[in-house]
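Here the structure comes first, spelled out in structure tokens, and everything after it is commentary.
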């Protein structure tokens, strides 16, 4: 899908549902989004679902005590597997894309400003 090989899905506002930080609501969201993501070409073991609350900082930088039911997300790849808890850790686990160094560089310009 457009050259994007790795995907992180942030399930946000986990604090604003009733009950707050509920496992059931998280699983409903994953169940609804997962088939669509598979349909556009991603495999489940290469996707990361991270539940977060930006307002309170839950699972953003540090693991949250508000979601004790969530242990970790896991990603399986040829290069290396990864499993962590937070959004920051998910971003850190993104593998840099290899680009051919023997090819010419091309970029599309929309406009030039002087």
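Since every read-out is calculated from the coordinates, none of them should be taken as a lab result. In this text the structure is predicted, and so the values were computed from the model without any measurement. Every residue, glycine as well, gets a Cβ built from its backbone with ideal geometry; the counts of neighbours run over all protein chains shown.
Structure values in brief
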{"item": "Within the chain, percent of DSSP bridges classed antiparallel, to nearest 5", "result": "40"}
{"item": "Separation of alpha-carbon centers, the stretch 1-60 and the stretch 86-114, rounded to whole Å", "result": "24"}
{"item": "Modelled FRET efficiency - R0 22 Å, residue 79 with residue 28, Cβ distances, 0.05 increments", "result": "0.10"}
{"item": "Sum of -39500 (n - 2.57) over DSSP H runs of 4+, divided by residues of the chain (222 nm, nearest 500)", "result": "-6000 deg cm²/dmol"}
{"item": "Acute angle (nearest 10 degrees) that the helix 23-39 long axis makes with the longest principal axis of the chain, alpha-carbon atoms", "result": "30"}
{"item": "Neighbour-count order for 101, 48, 85, fewest beta carbons within 10 angstrom listed first", "result": "101, 85, 48"}
{"item": "Which of 112, 11, 75 has the fewest Cβ neighbours within 10 Å, and the rest in rising order", "result": "112, 11, 75"}
{"item": "Geometric extent, Cα atoms of the stretch 50-114 - Rg, Dmax (angstrom)", "result": "18.5, 56"}
{"item": "Cβ-based exposure ranking for 94, 40, in which fewest neighbours within 10 Å come first", "result": "40, 94"}
{"item": "Percentage of interatomic Cα-Cα distances in the chain larger than 20 Å", "result": "51"}
{"item": "Within the stretch 73-112, backbone nitrogen closer than 17 Å to the virtual label 7 Å beyond the Cα of residue 56 toward Cβ", "result": "86-87"}
